[in-house]
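The values are calculated or read from the model by the stated rules, or taken from the named source; none is laboratory data. None of the values given here were measured: they were computed from a predicted structure. Don't worry about glycine lacking a Cβ; one is built from the backbone with ideal geometry, like all the others, and counts go over all protein chains shown. Heads up: the accessible areas ignore ligands, DNA and RNA and are worked out on the full protein's heavy atoms, side chains in. Shrake-Rupley method; radii C 1.70, N 1.55, O 1.52, S 1.80 Å.
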Amino acid sequence: MSDPSKILEARDVTTGYGNNEIVHQVSLQVNDGESVCIIGPNGAGKSTVLKSLTGYLACWEGEIHLNGEDVTDVSTEDLVGRGLSIVPQGNTMFPQMTVQEHLDMGAWLIDDEEKRENTEWLLDLFPRVEERLDQKVKTMSGGEQQMVSIARALISDPDILVLDEPSLGLAPSLVDTIFELLRTVQDAGLSILMVEQNAVKALKNTDRGYVIEMGSVRFAEESRELLDDDEVQQLYLGG
Ligand SMILES: Nc1ncnc2c1ncn2[C@@H]1O[C@H](COP(=O)(O)OP(=O)(O)O)[C@@H](O)[C@H]1O
Ligand SMILES: [Mg+2]
């Protein structure tokens, strides 16, 4: 049975590519209203864990549960309908299209009435998006584009937002802006799971963290405890 306070849960998930096992029996969970980060060295398997959690990559062993239901074999598209939205790594924007058109793309699963309501909620949450609805994405800065990518994922009103490296490639001041934005999202009642290379900032801006190394969970603690841990500092936070 599943615990309803757990929004998303991986139970002993093993997966990889071809014959190459990358992720070994990883268990993690995101509770209702919580923000959780996955940190760890380059190539540790963080993105691979996210891919298995979001239906991009099949689990070889183990189970994934979303909102109390077994979704181990559910496709990415169907997960969106069940309350999980994804902000993929890197720039997945369409340069010639406007912000409004990107929001429309994110709303492909919902009807017009729901879209109107969710748009109202979203623009209240992100007033800076409202000012730019008719702007083409190619004219926006990297930070603004990341904001649009997050808004596109939120328009379906998910329970949990899953992000792979939301701060990648952004100037330090914009990294803070994105984390503030995610705080706003969490304050609105959503749960958040993010993979981050920027480990210190990720830990400072989340409730709990997992350190993944060589495809296994090495540490799982409250983020502030990970920040204070001597071993974690030495190994993963640059001393
Ligand atoms: N599409 C793929 N095909 C084969 N191997 C991959 C693929 N994507 C990632 N890998 C390998 O899986 C390992 C973990 O990669 P990844 O999950 O992207 O790490 P991280 O996100 O922690 O940097 C690496 O050795 C990488 O080369
Ligand atoms: Mg990665």
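If packing is taken as the average count of other Cβ atoms within 10 Å, what order do 50-57, 182-189 fall into, highest mean first?
Answer by packing, highest mean first, reads 50-57, 182-189.
Tally Lys/Arg at +1 and Asp/Glu at -1 over every other residue whose Cβ is under 13 Å from the Cβ of L174; what's the total?
So the environment of L174 carries a net charge of -1.
Return one whole number: the accessible area per residue of region 6-236 in Å², for a 1.4 Å probe.
Spelled out: the 1.4 Å probe surface of region 6-236, per residue, equals 45 Å².
Which whole-number percent is the relative contact order of the chain (Cα, under 8 Å, 6+ apart)? Please list the in-between numbers first.
Working: 460 pairs, mean separation 64.7, N = 239.
This gives 27 percent for the chain.
What does the C-alpha gyration tensor say about the overall shape of region 1-135? Classify as rounded when a/c is under 1.5, otherwise prolate if a/b is larger than b/c, or oblate.
In terms of gyration-tensor shape, prolate.
Please enumerate, by chain and number, the lysines with C-alpha under 23 Å from the C-alpha of K115, excluding those fewer than 8 residues away in the same chain.
Answer for K115, where 23 Å is the Cα cut-off: K136, listed by chain and number.
Need the list of lysines near K46 for cross-linking: C-alpha distance under 25 angstrom, and skip anything on the same chain fewer than eight residues off.
K6, K201, K204
Cross-link candidates for K138: which aspartates and glutamates have Cα within less than 19 Å, leaving aside residues fewer than 8 places away along the same chain?
The qualifying aspartates and glutamates are E101, D104, E130.
Per DSSP helix of 4 or more residues, -39500 (n - 2.57); summed, then divided by the residues of the chain. What does that give at 222 nm, rounded to the nearest 500?
-10500 deg cm²/dmol
At a 1.4 Å probe radius, carbon and sulfur cover how many percent of the accessible area of region 6-236? The partial results should precede the final answer.
Values: 4630 of 10470 Å².
The value for region 6-236 is 44 percent carbon and sulfur by accessible area.
Quick one: accessible surface of Y210, probe radius 1.4 Å, all protein chains present, in square angstrom to the nearest 10.
About 10 Å², rounded to the nearest 10.
Calculate how many DSSP beta bridges within the chain are antiparallel, expressed in % of all such bridges and rounded to the nearest 5.
Of all bridge pairs located within the chain, approximately 55 percent are antiparallel.
Given points 7 Å out from each Cα along the Cα-Cβ axis, report the E130 to E114 separation in nanometres with one decimal.
With each label placed 7 Å out from Cα toward Cβ, I get 2.4 nm.
Calculate I(q)/I(0) for the chain by the Debye formula, one identical point scatterer on each C-alpha and no solvent, and give its log10 at q = 0.08, 0.10, 0.14, 0.16 Å⁻¹ to two decimals.
Each listed q maps to, in turn, -0.29, -0.45, -0.90, -1.16.
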